[in-house]
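Read through the structure below, which is laid out as structure tokens, and then see the notes.
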Amino acid sequence: MRNDLHPSVFIPPRAQRGAVLYVALIMLILLALIGITAMQVAGLQERMSSNYRAVNLAFQNAEALARTAECNIEDMENRVAMRCEQVVTAADISETCGVDAGAWVDQQDFPAVPTPNVRKIDQCIAGESNIAMGVGPVGEVSPISIYQITAYQTDMPGDGETPTSAAAIDSVFKL
């Protein structure tokens with residue numbers, strides 16, 4: 001009777017070399033390295049999505065501030081009661097030409113949430129010409145009211161938390 005045909009036959013230790021043990025250990029090390037790399041990639045993606053969310057929130061907050069300022073200006077021009085939260089008063093509106101919105105944004109303090117910068121620029125534009133930056137008042141005043149609104153906001157306005165991102169929007173509002 002042959003010993004290699006029966007499954008319960010014991011092979012003596014001198015015939016075993018232990019190659020399976022080495023292969024299993026190498027496979028275990030490779031799987032551990034793949035797992036560590038996957039965890040690092042997942043952590044990086046989580047941080048990237050968090051940063052994207054913060055930037056998007058800051059942009060949306062700046063846009064909301066600009067739209068609220070437009071609402072305030074429209075109510076002031078139409079001489080009606082304020083329909084929305086008041087962020088702009090008549091005293092806040094400047095009538096200077098040639099002010100750079102980018103320079104105003106650069107002067108803003110990151111954690112502070114300022115009011116929007118509003119300029120009435122219809123005197124800087126002749127009729128329905130290009131708005132551009134206007135270096136000074138022109139002779140013929142535009143028959144419509146035109147405002148430049150620059151809004152700066154962070155991702156955590158007034159929440160008591162430390163903001164991580166800020167955004168600015170510069171728009172022209174024509175009544």
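The values are calculated or read from the model by the stated rules, or taken from the named source; none is laboratory data. This structure is a prediction, so every number in the text was calculated from the model and none was measured. FYI the Cβ positions are ideal-geometry reconstructions off the backbone, even for glycines, and counts take in every protein chain you see. For the accessible areas, the whole protein counts, side chains as well, though only heavy atoms, and no ligand, DNA or RNA atoms are used. Shrake-Rupley method; radii C 1.70, N 1.55, O 1.52, S 1.80 Å.
Could you put 77, 70, 95 in order of accessible surface area, largest first, with the 1.4 Å probe and the full protein assembly present? Each step should come with its number before you reach the end.
Details: 77 60, 70 30, 95 120 Å².
Reading off the accessible areas and sorting them downward yields 95, 77, 70.
Note on residue 49 and residue 81: the extension gain reaches 7.4 nm, defined as 0.36 nm multiplied by sequence separation minus the Cα-Cα distance.
At 1.4 Å probe size, with the rest of the protein present, what percent of the exposed accessible area of segment 34-104 is carbon and sulfur atoms?
On the way: 2600 of 4710 Å².
Percent of accessible area from carbon and sulfur atoms in segment 34-104: 55.
As a calculated quantity, the FRET efficiency between residue 164 and residue 89 at R0 = 35 Å, using C-beta atoms, amounts to about 0.70.
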